[in-house]
Amino acid sequence: MKREKFGSRLGFILISAGCAIGLGNVWRFPYITGEYGGAAFVLIYLFFLLVLGLPIMVMEFSVGRASQKSAALSFNVLEPKGTKWHWYKYGAMAGNYLLMMFYTTIGGWMLLYFFKMIGGQFEGLDAEGVSNAFGELMGQPGLMAVCMIVVVAACFAICNLGLQKGVEKITKVMMGLLFVLMIVLAVRSITLPGAGEGLKFYLLPDFGKIKDAGLTEVVFAAMGQSFFTLSLGIGAIAIFGSYIDRSRSLTGEAVCVTILDTCVALISGLIIFPACFAFGVNPDSGPNLIFITLPNIFNSMSGGRIWGALFFLCMLFAAASTIIAVFENIISFAMDLTGCSRTKAVICNLIAIIVLSLPCLLGFNVLSGVQLLGEGSTILDFEDFLVSNNLLPLGSLIYLLFCTSRYGWGWKNFVSEANSGTGIKFPKWARIYVSYILPLIVLFIFVQGYWSIFH
């Protein structure tokens, strides 16, 4: 079966960025930026994004483009005879399915809150009422299941239209709207009375906070955020490398994707912090920020019903862009492994994802007693832990070793593929760093992730 290709370079960059841009850009990055010193933390974060996330992204793209396969078969194509690198395909596939087992539920929440906000259902509620509304949703598995199924079906329907006519065409529009809406919301937020203090908190370096938190802890936080924000290690990015030609070098393309991902994270802070300071609300992290803190702010804001609806539309686009990208990867697994048609792969995986997503949404009600990470944890927390703290760092380590070791694909093959075409080249002088130092950093992040969870 002939490999599908993107219709344009822009499509490749936007879809790859859509895969990397996730809800963590919105509900984690602004919060930890404020907690660890604002602009000073951003500078440290950008440094680690450059030296940690970017090289691994180039490697994933290179493996995908050289093999012309998804992670289900890419190692089989490139590995030396007799080696077992292809065993990791099971980890890569598991990572994509696990990610969708909880991401689709969150996507369903975004869809529901968009309609709740545009329907004015939060108007007249006090802070406790808004909080109770989210708590009541967690106790309605039927409603959550309907929203999740709608998101899953819509995203698979887009994938079923094909790479160019569906995934590329729709994602281009969605990502364009996401950027426009976020800029509009940021402008509205920074023009609110009292927003200046929020801008100062977010954008002016506060080295005192770095000292208070401890330089080591700040570095760990920046390192972790720069690593996890790009969703590396499970082949979710590699698949798009298999859909592009060799006219452009992959380092330059990875730089473009990383810049877009970072812009979304930074703009999120411009939306959240000025608004929080303008209305005297402490910015929270995680679901509370999105589903409790911000609806309360929109309730207090003139025209808040419209601004709130636009915000949740942004969040829906951010979630859907990731879901569509990962669905495309999952579909490619099935097509590569079985040779089946795209439609058959879509139908089978549509059913599989719906069934696999049920434990996550039931974990807030029927299965709330299942607390695998300790008291107060949920099935979503456990699934996120498996992906973020295990498969992402370990998978990234495998890609690193595969691309640099003479027992794998090897440095020369990797650099040759990465530097094919015009654009920024992967520096050959970086060989010692990416071969020996970067794997140790990734291994350290893996260990640190366990330490933070269980201590």
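One table, with the values for the structure above:
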{"quantity": "Residues whose placed amide H lies under 5 Å from that of residue 248, excluding near-sequence neighbours", "calculated": "422"}
{"quantity": "Residues of type aspartates and glutamates that residue 69 reaches as a straight line, Cα spacing below 20 Å, ignoring anything fewer than 8 places off in the same chain", "calculated": "4, 60, 79, 168, 245, 253, 328, 336, 417"}
{"quantity": "Of 116/165; 5/172; 2/412; 116/172, those spanning more than 21 Å from alpha-carbon to alpha-carbon", "calculated": "116/165; 2/412; 116/172"}
{"quantity": "Separation of the residue 183 and residue 451 label points, Cα + 7 Å toward Cβ, nm", "calculated": "4.2 nm"}
{"quantity": "Radius 14 Å from Cβ of residue 217, net charge of other residues (Lys, Arg +1; Asp, Glu -1)", "calculated": "0"}
{"quantity": "Kirkwood Rh (inverse of mean 1/r, distinct Cα pairs), region 72-182, angstrom", "calculated": "17.5 Å"}
{"quantity": "Area of residue 200 that stays accessible when all protein chains are in place (1.4 Å probe, Å², to 10)", "calculated": "100 Å²"}
{"quantity": "Over region 273-365, volume per residue of the alpha carbon convex hull, in Å³", "calculated": "131 Å³"}
{"quantity": "Under the Karplus curve 6.51 cos²θ - 1.76 cosθ + 1.60, θ = phi - 60°, whole-Hz ³J(HN,Hα) for region 373-384, x wherever Gly or Pro sits", "calculated": "9, x, 4, x, 7, 10, 5, 4, 4, 5, 5, 5"}
{"quantity": "Full-extension gain in nm, residue 43 to residue 371, via 0.36 nm per residue minus C-alpha separation", "calculated": "114.4 nm"}
{"quantity": "Rg over Rh [alpha-carbon atoms, Kirkwood Rh] for region 324-455", "calculated": "1.08"}
{"quantity": "Region 1-88: chymotrypsin sites (Phe, Trp or Tyr not before Pro) falling in loop per DSSP and having at most 14 other Cβ within 10 Å", "calculated": "none"}
{"quantity": "Calculated FRET efficiency for the pair residue 259/residue 436, C-beta based, R₀ 22 Å, to 0.05", "calculated": "0.20"}
{"quantity": "Alpha-carbon gyration tensor eigenvalues x 5, square-rooted, for region 123-225, Å", "calculated": "35, 24, 19"}
{"quantity": "Where GluC sites (Glu not before Pro) fall in DSSP loop in region 373-441, at most 11 other Cβ within 10 Å", "calculated": "375"}
{"quantity": "Backbone HN-Hα couplings from phi across region 399-404 [Karplus 6.51/-1.76/1.60, Hz, Gly and Pro as x]", "calculated": "4, 4, 5, 4, 7, 10"}
{"quantity": "Dipole-positive endmost among 316, 295, 408 within the chain (Cβ charges, Cα centre)", "calculated": "408"}
{"quantity": "Protection proxy ranking, peptides 395-407, 438-450, average beta carbon neighbours within 10 Å, highest first", "calculated": "395-407, 438-450"}
{"quantity": "Listed residues 341, 16 arranged by accessible area, highest first, probe 1.4 Å", "calculated": "341, 16"}
{"quantity": "Region 22-33 - phi-based ³J(HN,Hα) in whole Hz, Karplus 6.51/-1.76/1.60, Gly and Pro as x", "calculated": "x, 5, x, 4, 9, 9, 10, 4, x, 5, 6, 5"}
{"quantity": "With eigenvalues of the C-alpha gyration tensor scaled by 5 and rooted, the chain, Å", "calculated": "34, 26, 21"}
{"quantity": "Linear extension gain, residue 121 paired with residue 164, 0.36 nm per residue minus alpha-carbon span", "calculated": "11.7 nm"}
{"quantity": "Euclidean distance of C-alpha centroids, region 241-292 and region 140-171, integer Å", "calculated": "22 Å"}
{"quantity": "Spatial separation of Cα centroids for region 381-430 and region 63-93, in angstrom", "calculated": "12 Å"}
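The values are calculated or read from the model by the stated rules, or taken from the named source; none is laboratory data. As the structure is a prediction and not an experimental result, all values here were calculated from the model. Every residue, glycine as well, gets a Cβ built from its backbone with ideal geometry; the counts of neighbours run over all protein chains shown. We work out accessible area using only protein heavy atoms, side chains counted, and drop any ligands, DNA or RNA first. Shrake-Rupley method; radii C 1.70, N 1.55, O 1.52, S 1.80 Å.
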